[in-house]
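Structure first, commentary second.
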Amino acid sequence: MKIALTIAGSDPSGGAGIQMDLKVFQRLGVYGLGLPAALTAQNSCGVRSVYPIDKAIIKDQLDILIPDIRPDALKTGMLLTPEAVEAVAECVKANRLGNLVVDPVLRSSSGAEMLKNRALDAMRSLLLPLATIATPNIKEAASLSGIQINDENDMRAAAEMIIESGCQTVIITGGHFNEIDESTENAPDLFYDGREFRIIDSSRVKGEFHGTGCAYSAAITAFLADGLSPYASAKKAKEFMNKAIMNAITMGKGMKYLNV
Ligand code: PXL
């Protein structure tokens, strides 16, 4: 059985973070490993608090795990601090881990900070160069590239800039594309591997869904673990997400949750 690892924040409500990632791995038939790189207190209405996890604790969890059970692919989500970014980068490098998906989570949909400003440089200079695929949303792509994104051309420019950081492929997810272009109800993802731009399109489902970025990057990680190419993984992950969103469920009093 193929093995995928998630290093991300903990969401006790099960809708995002390592809890969601592990459900996606299970659903897609890969064996899931997971360790928290930060903690949150939250429910479906939003995030109340975030807590860092010491670099030494993240390193300890990885150092004993990886030599024993080596993942075929791994992803990062909420890392919060530069120290957590360093811990992951050092482990990926030391163990020469491949198929790294970096979801550069900056904020929750409810606005809570999930990567401190002072960690943005570490994300760009230490982690992105090791990534097979980075999956920023439009706001994250703007922060990482320093380019304001107002249309699809800006998305292309931001993708080119992010590839300069050294990742092999970038997918700028377009779930919030309607916020920059009110004329469309589509949610186009822009895939760029340094050679060719490709649009992976779908129509947008109305509403706010918790954990979409987490589930999407986890699905890509599972497909990479299975041996698919980045583009095939992105296509299949988008199909998987469309189903999870169409069948979304109400768990609490706030946002809808994905049905993975
Ligand atoms: O969707 C971003 C995200 C990532 N990781 C954790 C989260 C959230 C959003 O709430 O809680 C742990």
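The values are calculated or read from the model by the stated rules, or taken from the named source; none is laboratory data. None of these values were measured; they are calculated from a predicted model. Here the Cβ is made from the backbone with ideal geometry for all residues, glycine too, and neighbour counts use every protein chain on show. Please note that ligands, DNA and RNA were not included when accessible areas were found on the heavy atoms of the full protein model with its side chains. Shrake-Rupley method; radii C 1.70, N 1.55, O 1.52, S 1.80 Å.
Points worth noting:
- From the options Asn178, Asn186, residue that is at pLDDT below 95, surrounded by fewer than 18 Cβ atoms within 10 Å (Cβ to Cβ) and either out of contact with any helix residue (DSSP H, G or I) (no Cβ under 8 Å at 6 or more places or on another chain) or among the basic types (Lys, Arg) (or both): Asn178
- For segment 43-56, the criterion of being surrounded by 24 or more Cβ atoms within 10 Å (Cβ to Cβ) and touching a residue at least 24 places away in the same chain (Cβ under 8 Å) is met by no residue.
- Residues in segment 57-83 that are away from the ligand (no atom under 15 Å from the Cβ), in a loop (DSSP other than H, G, I, E, B) and open to solvent by less than 60 Å² (accessible area, probe 1.4 Å): Ile66, Ile69, Pro71, Asp72.
- Among the residues examined, Ala157 does not qualify as at pLDDT 95 or above and under 14 Å from the mean Cα position of the chain (by Cα).
- Residue within segment 192-215 that is open to solvent by less than 10 Å² (accessible area, probe 1.4 Å), at pLDDT 95 or above, of a type outside the set (D, E, K, R) and assigned to a helix (DSSP H, G or I) present: yes
- Residues of segment 90-122 satisfying the condition of being over 19 Å from Leu33 (Cα atoms), at pLDDT 95 or above and open to solvent by 50 Å² or more (accessible area, probe 1.4 Å): Arg107, Glu113, Lys116, Asn117, Arg118, Asp121
- Of all residue pairs spaced 6 or more apart or on separate chains, those with beta-carbon atoms under 8 Å, a first member in segment 5-23 that is touching a residue at least 60 places away in the same chain (Cβ under 8 Å) and polar (S, T, N, Q) and a second member that is within 6 Å of the ligand (Cβ to nearest atom) and open to solvent by 10 Å² or more (accessible area, probe 1.4 Å) are Ser13/Gln42.
- All positions within segment 231-255 that are surrounded by 20 or more Cβ atoms within 10 Å (Cβ to Cβ) and touching a residue at least 60 places away in the same chain (Cβ under 8 Å): Ser233, Ala234, Phe240, Met255
- Single residue of Ala87, Ala134 found to be in contact (Cβ under 8 Å) with a residue 24 or more places away in the chain, closer than 27 Å to Leu33 by Cα, open to solvent by less than 10 Å² (accessible area, probe 1.4 Å) and more than 16 Å from the ligand (Cβ to nearest atom): Ala87
- Selected residue (criterion: farthest from the chain's Cα centre (by Cα)) from residues of segment 1-42 that are in a loop (DSSP other than H, G, I, E, B) and surrounded by fewer than 21 Cβ atoms within 10 Å (Cβ to Cβ): Met1
- Residues that are within 16 Å of the ligand (Cβ to nearest atom) and polar (S, T, N, Q), drawn from segment 196-238: Thr212, Ser217, Thr221
- Any hit, segment 81-90, residues being touching a Pro at 6+ places or on another chain (Cβ under 6 Å) and under 30 Å from Gly46 (Cβ atoms): yes
- Exactly one residue out of Met246, Met241 is more than 16 Å from the ligand (Cβ to nearest atom) and out of contact with any strand residue (DSSP E or B) (no Cβ under 6 Å at 6 or more places or on another chain), and it is Met246.
- Checking each residue in segment 150-164 for being touching a strand residue (DSSP E or B) at 6+ places or on another chain (Cβ under 8 Å) and open to solvent by less than 40 Å² (accessible area, probe 1.4 Å) picks out Met155, Ala158, Ala159, Ile162, Ile163.
- Residue in segment 188-200 that is within 23 Å of Leu97 (Cα to Cα) and touching a Ser or Thr at 6+ places or on another chain (Cβ under 6 Å) present: yes
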